[in-house]
Every structure is written in structure tokens, then in C-alpha cells.
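**Student:** Structure in C-alpha cells, see below.
Just so it is clear, none of the values below were taken in a lab; they were calculated from the coordinates. Computed from a prediction, not measured in an experiment: that's the story for all the values here. Cβ sites come from the backbone with ideal geometry, for glycine too, and all protein chains shown count toward neighbours.
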Amino acid sequence: MPELDGTFVEVETIVPDETGVEAGLDVVRSVLDSLDITSDDLTTEKYTDAVAARRS
């Protein structure tokens, strides 16, 4: 996204149903940890919202 500074990565996993959510989150956290990504690096902002904010 040319409007946004920095590097972004999405980490996703598939779980069979709601009972697998916690295990799935553990996997995602493990991947983030292996990439040295901390909770301070995380955002819940959508790309489209971030781009729209930069364009206005």
C-alpha cells in the first residue's frame, strides 16, 4: 500500500470450530513471536481505513 509507511504482515490460521480458537491463537502468537513481533506492533485497524485516513 503506497499510502502507508512500514511493513505489514497478516497471520491467519484455520480452526475446525469455536473449540479450536484458543489453540489457533496460540499458533498465531507463536508465529508472531518467531518474527519478533510484539503486541506493541499489532493493530486492528483495517487497511482500507488506514488508506482512507491518509487520503483525506
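**Student:** For the chain, what percent of Cα pairs sit more than 18 Å apart?
**Tutor:** Tail of P(r) above 18 Å: 48 percent of Cα pairs.
**Student:** If I model a spin label at V28 and I14 as a point 7 Å from the Cα along the Cα→Cβ vector, what separation in nanometres do I get?
**Tutor:** For V28 paired with I14, the spin-label model returns 1.6 nm.
**Student:** Moving on to the next point. Apply the Karplus parameterisation 6.51 cos²θ - 1.76 cosθ + 1.60, with θ equal to phi minus 60°, to every residue of region 5-12 and state each ³J(HN,Hα) to the nearest whole Hz, in sequence, with x for glycine and proline.
**Tutor:** Whole-Hz 3J(HN,Hα) from phi for region 5-12: 7, x, 10, 10, 9, 10, 10, 10.
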